[in-house]
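Computed from the coordinates by the stated procedures, all read-outs in this text should not be read as laboratory data. This one's a predicted model, so the numbers in the text were calculated from it and none came from an experiment. Ideal geometry is used to build each Cβ from the backbone, glycine not excepted, and the neighbour counts take in all protein chains shown.
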Amino acid sequence: MNVIQFVQKYADDSFIKMPFTEVDGVICSALSYLPLEIVFEDMSNQELTISNVVKKLSQKRYRYLFNTFFGKKVYRLLVEMSKTKRYHKLCFKNYWKVVNKNCQFAAITLVLPDHTLYVSFEGTDTAISGWKEDACMAYQFPVPAQELACEYLENAYEIFGKNIRVGGHSKGGNLAVYAAMMVPRHVQRKIIAVHNNDGPGFPKRIVDTAKYQRILPKIHTIVPQESVIGMFLYHQEEMIPVKSNRRGIFQHDLFHWQIEGIAFQREELSMYSKKIFEKTNHWLDTIESNDRKKCFESIFHILDTNAIFDTHDLLSIPKSIKVVKRMADIDTQSKQNLLDALRILV
């Protein structure tokens, strides 16, 4: 059973009959991938019910926004949720979205039927700036999206003043942990749990800080059994490996995580994931920060100068050929560092 089938199976179970589960935590994290800028426009503080959001997004002229397979699945999840007794009172509030040359960020506050909030941070979308920001985590702390996440969470508390769950998938999970770690103590006390769903960790010096240790007991981290993204950087919390019916990097898709009853099916973390963790962090520990920065900045400079601003741009054969040719111009050391990084994944 996947998350969509979970929604269908427990459609009539209210949050009183079946309190918030870890599966609900993953479901809520997925909703921030929706193109909610269409729904909210300039009305970020307006409250919209789930049926309002479905109605707006279902309009024919907006269908092009669901071209990606993942986008279609999140939309289908939303539609199925809107049909249920369990989720039909779910409301959306306070949407923020920032995409520029150096940052990709989006967040939405969900008002749950149990009268708590779920602050959901979007993971990396198709914007190249988002992928660049992910790469920056290898040598920069904090990155712009992390700072925005902290600001957003504190703002959500100041507006609504309720008990809060914080979460996200992929980079969104990392943002959730960072925000929970960095907000003032009075906001931290209102945080029920932090849901990091296959998101990267943090530099070792950060997980050893008092701020991280303070929020550590509230972090609930789920990874698929062959996790790749979740193995990047360091975690101190227990990671819960779950079964996926895909392999390798494709297990990052939360729609293939398998559910048994009202929880994800537990698995052992694979040797592949353990090796990814060891090799990735060895690479980070042995290469100087400036060299990591130079390596990644060289790559993204090439993408930028060839007008590659979205992953869809890579489908252009002429642009892709130019990018490949320009890769030859990267200095020898950066090229070697890049090759070493790629070898970790194969």
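At full extension, Lys72 and Thr286 could sit 73.0 nm farther apart than now, given 0.36 nm per residue minus the alpha carbon distance. Given their separation in residues at 0.36 nm each and the Cα-Cα distance between them, Val79 and Ile192 gain 38.0 nm when the chain is fully extended. Taking 27 Å as the limit for the C-alpha separation, the pairs Lys101/Lys211; Lys55/Lys243; Lys56/Lys85; Lys72/Lys171; Lys73/Lys93; Lys218/Lys274 exceed it in the case of Lys101/Lys211; Lys55/Lys243.
With a cut-off of 20 Å, note down the residues of the stretch 210-236 whose backbone N falls inside the zone around a label point 7 Å from the Cα of Arg185 toward its beta carbon. From the stretch 210-236, the list is 210-219. Label-to-label distance for Glu158 and Ala11 is 4.2 nm, based on points extended 7 Å past Cα in the beta-carbon direction.
Across all directions, the average flat footprint of the convex hull enclosing the Cα atoms of the stretch 3-270 is 13.1 nm².
Fully extending the segment from Lys204 to Glu260, taken as 0.36 nm per residue of separation minus the present Cα-Cα distance, adds 16.7 nm. Projected label points at Glu147 and Val99, each 7 Å from Cα along the beta carbon direction, are separated by 2.2 nanometres. Here the spin labels are modelled as points 7 Å beyond Cα on the Cα-Cβ line, and at Met271 and Arg214 they lie 4.3 nm apart. Spatially, the stretch 1-37 and the stretch 213-227 are offset by 19 Å when compared through their Cα centroids. The ranking of Phe20, Phe202 by Cβ neighbour count inside 10 Å, starting from the fewest, reads Phe20, Phe202.
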